[in-house]
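**Q** Below are the structure tokens for one structure; questions will follow.
The values are calculated or read from the model by the stated rules, or taken from the named source; none is laboratory data. Being a predicted model, the structure only gives us computed values, none of them experimental. Using ideal geometry, Cβ is built from the backbone for each residue, glycine included, and neighbour counts are taken over all protein chains shown. Areas reflect the complete protein model, heavy atoms only, side chains present, ligands, DNA and RNA absent. Shrake-Rupley method; radii C 1.70, N 1.55, O 1.52, S 1.80 Å.
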Amino acid sequence: WVTHFELLIESGLNIHDIERVIESDQASLREGSDEFFNLLEKAGVPLIIISASGLGVDAISYFLKRVGQLRKNIHIISNRYTWDKNGYATDVEKPIIHSMNKDETVLKEFDFYDKIKDRKNVILLGDNPGDTQMVTGFDYDNLLKIGFLNDIKEDKLIKYKEIYDIVIPGDGTMEFINKYLRDISD
């Protein structure tokens, strides 16, 4: 991971490159995401986004802002670059977030941790097998793991069914999750 970030920095990664990618409309939210964000915000539920993305927190927050979903209850845990006055990446802040440390241990480093550490109900959304470990270290009573299986292949489907409680295949919508949230909030 360190080498990955060093290469991005050496190649001249610029914040304006990230902005152009986000503005290109190549990325979009799943159908029903607006309702998902509304339901969580209305109920005062924090949404923790943990991403090992090479483009980091700047790309995620810029994207959420572009689609009108950057809200106060959203906390983004991802890699963060240091930018020079011309917008070039000069360093990446520590700790580096990667697929093997996307869990409670890294969350302890962030200001909002005290707001979530005593919450006992967790809905975990992930799109790869390692994401199920994001709750490692949390003292929860109830956990619902929902997996998005973007690449539907039989062997992957079998694996996802073993590790996730619910599997949403392909470019599935957020409707199941939204219905669940509506049901438990009534």
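**Q** Under 8 Å between Cβ atoms, at least 6 apart or on separate chains: pull out the pairs that start in region 6-21 with a residue that is open to solvent by less than 90 Å² (accessible area, probe 1.4 Å) and end on any residue that is of a type in the set (Asp, Glu).
**A** Ile9/Asp91; Ile15/Asp58; Ile18/Asp58
**Q** Could you list, in sequence order, the residues of region 10-34 that are part of a helix (DSSP H, G or I) and in contact with an Asp or Glu (Cβ under 7 Å, 6 or more places away or on another chain)? Before the answer, list the steps.
**A** Just the residues of region 10-34 that are part of a helix (DSSP H, G or I), to begin with: 10, 15-23, 33-34.
Result: Ile15, Ile18.
**Q** Phe110 - would you say it is touching a His at 6+ places or on another chain (Cβ under 8 Å) and in contact (Cβ under 8 Å) with a residue 12 or more places away in the chain?
**A** It is true that Phe110 is touching a His at 6+ places or on another chain (Cβ under 8 Å) and in contact (Cβ under 8 Å) with a residue 12 or more places away in the chain.
**Q** Of the residues that make up region 122-136, is at least one in a strand (DSSP E or B) and under 26 Å from Asp17 (Cβ atoms)?
**A** no
**Q** Of all residues in region 95-111 being open to solvent by 40 Å² or more (accessible area, probe 1.4 Å) and polar (S, T, N, Q), which is modelled with the highest pLDDT?
**A** Ranking the qualifying residues of region 95-111, first place goes to Ser99.
**Q** Being open to solvent by less than 70 Å² (accessible area, probe 1.4 Å), closer than 24 Å to Val135 by Cα and among the small types (Gly, Ala, Ser) narrows it down to one of Ala43, Ala27, so name that one.
**A** Going through Ala43, Ala27 in turn, the sole match is Ala43.
**Q** Right, another one. Please determine, by comparing only the residues of region 51-75 that are open to solvent by 30 Å² or more (accessible area, probe 1.4 Å) and modelled with pLDDT under 90, which one is farthest from Asp127 (Cα to Cα).
**A** Selected residue: Leu55.
**Q** Across region 54-71, what is the total count of residues that are free of Cβ contacts under 8 Å to residues at least 40 places away in the same chain and more than 15 Å from Phe110 (Cβ to Cβ)?
**A** 7
**Q** Can you tell me which of Asp118, Asp114, Asp141, Asp131 is over 14 Å from Pro46 (Cβ atoms), of a type in the set (D, E, K, R) and open to solvent by 50 Å² or more (accessible area, probe 1.4 Å)?
**A** Residue meeting the stated conditions: Asp141.
**Q** Let me ask something additional. Restricting the search to region 147-172, which residues are in a helix (DSSP H, G or I) and open to solvent by less than 30 Å² (accessible area, probe 1.4 Å)?
**A** Tyr160 - this is the single residue of region 147-172 that is in a helix (DSSP H, G or I) and open to solvent by less than 30 Å² (accessible area, probe 1.4 Å).
**Q** For region 134-183, give me each residue that is closer than 15 Å to Ser33 by Cα and over 18 Å from the mean Cα position of the chain (by Cα).
**A** Across region 134-183, the qualifying residues are Glu175, Phe176, Lys179, Tyr180, Leu181, Arg182.
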